[in-house]
Amino acid sequence: KTHAKVILVVRRDYRGLRRYVHIGTGNYHPVTSRLYSDLGLLIYDKQIGQDATELFNYLTTGYTPGRRYQQLLVAPKFLKKTLLANIDREIDHQQQGRGGHLRFKMNALEDGDIAKALYKASQAGVRVDLLVRDSCRVKPGLPGLSETVQVVSIVGRFLEHARLYYFRNDGAEEYYLGSADAMKRNLEHRVEVLVPITAPKLQQELWQM
């Protein structure tokens with residue numbers, strides 16, 4: 001199933017062909033847009049434009065060998081591996097005295113590998129903040145297992161639907177938004193996309209959120 005929310009616009013202007021990309025957390029649907037709280041990024045970036053082109057070529061042809069993405073994290077081939085590697089990186093930072101911190105916002109956290117990695121991170125002393133609207137497989141506050149984990153569920157007027165992933169990375173902070181919940185079906189059996197948010201002003205807005 002293709003669950004990614006991506007628009008690619010190729011436009012000819014005075015500088016030649018330029019690729020504009022929108023990547024969101026919610027469906028392009030007029031009904032849910034009135035009920036769901038979502039985020040999206042509209043950007044002109046050469047690497048992201050090339051990645052989006054690669055993604056659409058894959059979706060339209062089914063041809064998979066040699067796919068390479070420079071900026072986008074795409075499931076089912078690359079996304080989960082990167083999330084797990086980044087969690088391990090936070091553990092390493094924490095063990096080296098550099099202070100690990102993870103902060104995820106999503107609809108559901110069900111994937112067993114991600115849950116185990118977060119428990120491992122907490123045992124190493126990494127601060128883990130989870131904003132999970134629905135089911136969450138990680139239980140916070142268990143002695144010796146998840147003492148540094150905090151889980152919050154936000155239920156309000158609008159359905160919380162945005163997916164955000166934050167890694168402190170020893171001060172070189174990384175933010176991602178996109179379509180993927182931390183669920184096995186999303187990470188291993190669906191086409192999902194996360195995009196890095198690198199602009200400091202946008203990073204600040206996501207942190208405040």
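The values are calculated or read from the model by the stated rules, or taken from the named source; none is laboratory data. Values in this document were obtained by computation on a predicted structure and should not be read as measured data. Every residue, glycine as well, gets a Cβ built from its backbone with ideal geometry; the counts of neighbours run over all protein chains shown. Note: areas computed on protein heavy atoms with side chains; ligands, DNA, RNA excluded. Shrake-Rupley method; radii C 1.70, N 1.55, O 1.52, S 1.80 Å.
Test Gly66 against the stated conditions and say whether it is open to solvent by 30 Å² or more (accessible area, probe 1.4 Å), in a loop (DSSP other than H, G, I, E, B) and at pLDDT 95 or above.
Numbers: open to solvent by 30 Å² or more (accessible area, probe 1.4 Å): yes; in a loop (DSSP other than H, G, I, E, B): yes; at pLDDT 95 or above: no.
Considered against the rule, which asks whether it is open to solvent by 30 Å² or more (accessible area, probe 1.4 Å), in a loop (DSSP other than H, G, I, E, B) and at pLDDT 95 or above, Gly66 comes out as no.
Test Glu188 against the criterion of being in a helix (DSSP H, G or I) and within 15 Å of Val74 (Cβ to Cβ), and give yes or no. Yes; evaluated as a whole, the condition is true for this residue. As a summary of the residue check, Lys81 satisfies the conditions (1) without any contact (Cβ under 8 Å) to a residue 60 or more places away in the chain; (2) open to solvent by 70 Å² or more (accessible area, probe 1.4 Å); (3) more than 16 Å from the chain's Cα centre (by Cα) except for the one numbered (3).
Within the range 11-25, is even one residue of a type in the set (Ser, Thr, Tyr) and in contact (Cβ under 8 Å) with a residue 60 or more places away in the chain? Break it down stepwise before answering.
Step one: of the range 11-25, the residues of a type in the set (Ser, Thr, Tyr) are 14, 20, 25.
Cutting the leftovers down to in contact (Cβ under 8 Å) with a residue 60 or more places away in the chain gives us 25.
Scanning the range 11-25, I find at least one residue that is of a type in the set (Ser, Thr, Tyr) and in contact (Cβ under 8 Å) with a residue 60 or more places away in the chain, so the answer is yes.
For the range 1-40, which positions are in a helix (DSSP H, G or I) and either among the small types (Gly, Ala, Ser) or touching a Ser or Thr at 6+ places or on another chain (Cβ under 8 Å) (or both)? Within the range 1-40, just Ser33 meets the criteria.
Restricting to the range 161-209, name every residue that is among the acidic types (Asp, Glu), under 23 Å from Tyr28 (Cβ atoms) and touching a residue at least 40 places away in the same chain (Cβ under 8 Å). Asp181, Glu192, listed by residue number.
Of the listed requirements (1) touching a helix residue (DSSP H, G or I) at 6+ places or on another chain (Cβ under 8 Å); (2) within 28 Å of Gln203 (Cα to Cα), Arg67 misses just one: (2).
Among the residues of the range 154-180, how many are basic (Lys, Arg) and either outside any loop (DSSP other than H, G, I, E, B) or modelled with pLDDT of 95 or more (or both)? Reasoning before the result, please.
Step one: filter the range 154-180 for residues basic (Lys, Arg), giving 157, 163, 168.
Remaining after also requiring either outside any loop (DSSP other than H, G, I, E, B) or modelled with pLDDT of 95 or more (or both): 163, 168.
Result for the range 154-180: 2.
Evaluate the range 96-112: report whether one residue or more is touching a Pro at 6+ places or on another chain (Cβ under 8 Å) and surrounded by 14 or more Cβ atoms within 10 Å (Cβ to Cβ). Scanning the range 96-112, I find no residue that is touching a Pro at 6+ places or on another chain (Cβ under 8 Å) and surrounded by 14 or more Cβ atoms within 10 Å (Cβ to Cβ), so the answer is no.
Yes or no, residue by residue, for (1) at pLDDT 95 or above; (2) surrounded by fewer than 17 Cβ atoms within 10 Å (Cβ to Cβ); (3) over 19 Å from the mean Cα position of the chain (by Cα):
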{"position": "Lys5", "(1), (2), (3)": "yes, no, no"}
{"position": "Arg15", "(1), (2), (3)": "no, yes, yes"}
{"position": "Tyr20", "(1), (2), (3)": "yes, yes, yes"}
{"position": "Thr25", "(1), (2), (3)": "yes, no, no"}
{"position": "Arg34", "(1), (2), (3)": "no, yes, yes"}
{"position": "Gln47", "(1), (2), (3)": "yes, yes, no"}
{"position": "Thr60", "(1), (2), (3)": "no, yes, yes"}
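Looking at Val151, Val138, Val128, can you tell me which residue is assigned to a loop (DSSP other than H, G, I, E, B), β-branched (Val, Ile, Thr) and over 14 Å from the mean Cα position of the chain (by Cα)? Walk me through how you get there before you give the answer.
Numbers: Val151 fails: assigned to a loop (DSSP other than H, G, I, E, B); Val128 fails: assigned to a loop (DSSP other than H, G, I, E, B).
Being assigned to a loop (DSSP other than H, G, I, E, B), β-branched (Val, Ile, Thr) and over 14 Å from the mean Cα position of the chain (by Cα) holds for just one of Val151, Val138, Val128, which is Val138.
Cβ-Cβ distances below 8 Å connect the following pairs, each with a first residue in the range 126-146 that is of a type in the set (S, T, N, Q), a second residue that is assigned to a loop (DSSP other than H, G, I, E, B) and exposed (fewer than 14 other Cβ atoms within 10 Å of the Cβ), and a separation of six or more residues or different chains: Ser146/Lys139.
Here's the yes/no breakdown for (1) open to solvent by 30 Å² or more (accessible area, probe 1.4 Å); (2) not hydroxyl-bearing (Ser, Thr, Tyr):
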residue	(1), (2)
Val155	yes, yes
Ala162	no, yes
Phe167	no, yes
Gly171	yes, yes
Tyr176	no, no
Ser179	no, no
Ala182	no, yes
Leu187	no, yes
Val191	no, yes
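Going through (1) crowded, with 18+ Cβ neighbours inside 10 Å; (2) touching a strand residue (DSSP E or B) at 6+ places or on another chain (Cβ under 6 Å); (3) not in a loop (DSSP other than H, G, I, E, B); (4) not hydrophobic (A, V, I, L, M, F, W, C) one by one, Asp51 falls short only on (2).
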